[in-house]
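Visitor: Handing you this structure, nothing more for now.
The values are calculated or read from the model by the stated rules, or taken from the named source; none is laboratory data. None of the values given here were measured: they were computed from a predicted structure. Ideal geometry is used to build each Cβ from the backbone, glycine not excepted, and the neighbour counts take in all protein chains shown. When the accessible area is computed, the model is the full protein with side chains, heavy atoms only, and any ligands, DNA or RNA have been set aside. Shrake-Rupley method; radii C 1.70, N 1.55, O 1.52, S 1.80 Å.
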Amino acid sequence: MKIGIIGAGAIGKTYGELLKRAGHEVMLSSRNPENIEAGNYQIGTVTEAAAFGEVVIIAVNYPTVDNAIAQMKNHLDGKLVIDTTNPLYSDENGNLKQLIEEDEVAGVIMQQKIPKARVAKAFTTLWTGYVEQYSNVLEPSLIMTYAVDEERDEQVVTELIKDSGLIPFKVGTVAQSRPLDPGSPLWNVKLTPEQAREKLRVFRTTKA
């Protein structure tokens, strides 16, 4: 597949390399593409990457999401967009602050921002350092959670997770994707499928 990645930070670069290695065509982009280090991918502007990708992965810092969407214009219409963003902000002291309300769901907010795209959530709950260390296409050991609405998109998302050397673990639809947001016991921890199932059960029981 042709994959346009919006954002050239740790998430964008890590999955750009993994997906390119798996045989996909990848274009990595940022607001300043001239500053992106050369790698096993094409480099372009945000607009170019959105136009290039059959699938678009949004991997920017959350406070810049609206700016990135504005640059993508109509290039997301009808496409599968995988949202990897976390609704967090790091203040001047390095403290992380939540940018959405406790009862809000980041994936639903993204759907509202780009209503003509088909939004899925993935590649958001695992530190890239863990991914680099444990990614293994032949013998994956760690899960990557995801949420998706349509069956055709689920096939793509699970393929890309497997191509990244991780085990797909579905939490539900995008509306049910609160377990992928910060503060969830599934967020940013190394988990096997069995561990994830138990943590998800407890989380949903607690929130019920």
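Visitor: Considering 42, 71, which residue is touching a strand residue (DSSP E or B) at 6+ places or on another chain (Cβ under 6 Å) and of a type in the set (S, T, N, Q)? Outline the logic, then answer.
Guide: Working: 71 fails: touching a strand residue (DSSP E or B) at 6+ places or on another chain (Cβ under 6 Å).
Residue meeting the stated conditions: 42.
Visitor: Would you mind finding the one in 33, 63 that is in contact with a Phe, Trp or Tyr (Cβ under 7 Å, 6 or more places away or on another chain) and either at pLDDT below 95 or farther than 25 Å from residue 155 by Cα (or both)? Walk me through it before giving the result.
Guide: Working: 33 fails: in contact with a Phe, Trp or Tyr (Cβ under 7 Å, 6 or more places away or on another chain).
Result: 63 is the single residue among 33, 63 that is in contact with a Phe, Trp or Tyr (Cβ under 7 Å, 6 or more places away or on another chain) and either at pLDDT below 95 or farther than 25 Å from residue 155 by Cα (or both).
Visitor: Now, a different point. Sort out for me the strands (runs of 3 or more DSSP E) sitting completely within the stretch 112-208 that have 3 or more residues that are of a type in the set (D, E, K, R) and surrounded by 14 or more Cβ atoms within 10 Å (Cβ to Cβ). Walk me through how you get there before you give the answer.
Guide: On the way: elements: 118-122, 143-147, 167-172.
Strands (runs of 3 or more DSSP E) meeting the threshold: none at all.
Visitor: Give all pairs with beta carbons closer than 7 Å in which a residue from the stretch 76-100 that is within 15 Å of residue 11 (Cβ to Cβ) meets a residue that is open to solvent by 30 Å² or more (accessible area, probe 1.4 Å) and among the hydroxyl-bearing types (Ser, Thr, Tyr); count only pairs at least 6 apart in sequence or on separate chains.
Guide: 85/62; 86/62; 87/62; 88/62
Visitor: Would you call residue 3 touching an Asp or Glu at 6+ places or on another chain (Cβ under 9 Å) and closer than 24 Å to residue 150 by Cβ?
Guide: Numbers: touching an Asp or Glu at 6+ places or on another chain (Cβ under 9 Å): yes; closer than 24 Å to residue 150 by Cβ: yes.
Answer is yes for this residue.
Visitor: While we're on this one: Return the residues of the stretch 102-111 that are part of a helix (DSSP H, G or I) and either open to solvent by 70 Å² or more (accessible area, probe 1.4 Å) or of a type in the set (A, V, I, L, M, F, W, C) (or both); say none if nothing qualifies. Break it down stepwise before answering.
Guide: Keep residues of the stretch 102-111 that are part of a helix (DSSP H, G or I), which gives 106-111.
Across the stretch 102-111, the qualifying residues are 106, 108, 109, 110.
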